[in-house]
Amino acid sequence: MDFQNRAGSKPGSAGVAGSSETNVNRRERQRKLALEVIDLAKDPYFMKNHLGSYECKLCLTLHNNEGSYLAHTQGKKHQTNLARRAARDAQENNQNQNLPLQNSLANKVQIKKIAVKIGRPGYKVTKVRDPITKQLGLLFQIQYPEIADNVIPRYRFMSAYEQHIEAPNKQHQYLLFAAEPYETIAFKVQSKEIDKLEGKFWTHWDTDSKQYSLQFLFKADRPIIQHNNFNIPNPLNPYETAAQK
């Protein structure tokens with residue numbers, strides 16, 4: 001091949017090198033510089049296989065000679081994998097450092113045991129009316145004869161849009177009762193505002209009979225006339241204290 005007659009070449013020279021020759025020359029210079037700086041014996045990812053070729057254990061690539069491997073280590077793929085490995089090692093180190101703290105916290109925090117459900121409790125629902133204000137309401141009496149030790153029943157009003165058993169209906173809401181190890185039960189009631197004034201709404205847990213009682217009254221649709229000349233206790237509340245009476 002005639003290198004002297006290339007465009008831009010000087011008389012007597014070898015001519016202007018093409019892109020392929022430039023790349024070969026650049027890779028050779030990089031290999032020589034890398035061999036002066038890098039000790040392949042200390043590279044944990046450098047491995048010579050039984051065929052005499054060289055492998056990168058990090059990138060799983062195969063190379064014919066050391067120069068090819070060194071050129072690979074300067075490439076984008078190898079550098080990206082090195083950054084990923086460093087980030088993963090740092091994350092594992094942080095987890096190992098936090099492990100003693102997590103173990104100490106786990107020893108201090110008591111893990112709540114999941115109780116085996118034994119079924120639904122017995123219940124009784126009674127419609128009530130305040131004789132003074134004529135407000136309508138409901139009295140719930142839930143029986144928990146096998147309730148767990150140191151457990152007090154709980155209740156909660158739930159909107160129809162919170163449950164996923166029935167189609168939501170804005171005309172209704174749900175009253176839930178829960179106590180371990182019994183299943184949680186729910187009652188569908190009118191979606192009206194509850195009157196939670198003193199004497200209108202009350203709960204009572206009888207530890208002897210294991211009965212939980214809850215009574216509430218709906219707010220009256222019409223204004224309630226207040227009588228200032230007498231103070232009559234609520235006769236629907238059997239657990240009203242003597243002080244309240």
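A short reminder: the numbers here are calculations on the coordinates, not readings from a lab. Predicted, not measured: the structure shown is a model, and the values here were computed from it. Positions of Cβ are backbone-derived with ideal geometry, glycine not excepted, and every protein chain shown enters the neighbour counts.
Couple of notes before you dig in:
- Placing dummy labels 7 Å off each Cα toward the beta-carbon, the span from Glu21 to Gln79 is 2.9 nm.
- Using C-alpha pairs under 8 Å with a sequence gap of at least 6, the mean separation divided by the residue count of segment 119-204 gives a relative contact order of 23 percent.
- Amide H contacts for Ser191 (H built 1.01 Å from N in the peptide plane; partners 5 or more residues away or on another chain; cut-off under 5 Å): His172, Gln173.
- For segment 24-81, the alpha-carbon coordinates run over 28, 26, 22 Å along the three principal axes, in decreasing order.
- Per-selection metrics, segment 51-98 (Cα): Rg and Dmax in Å: 14.1, 45
- Using θ = phi - 60° and Karplus 6.51 cos²θ - 1.76 cosθ + 1.60, couplings along segment 139-151 (whole Hz; Gly, Pro as x): 10, 10, 10, 10, 9, 10, x, 10, 5, 5, 5, 6, 10
- Label-to-label distance for Lys32 and Glu198 is 9.9 nm, based on points extended 7 Å past Cα in the beta-carbon direction.
- Efficiency of FRET between Thr207 and Lys134 - r from beta-carbon atoms, R0 41 angstrom, step 0.05: 0.75
- Computed lengthening from Glu66 to Asn94, 0.36 nm per intervening residue step minus Cα-Cα distance: 6.5 nm
- Projected label distance in nm at Phe218 and Lys124, using a 7 Å step from Cα toward the beta-carbon: 2.4 nm
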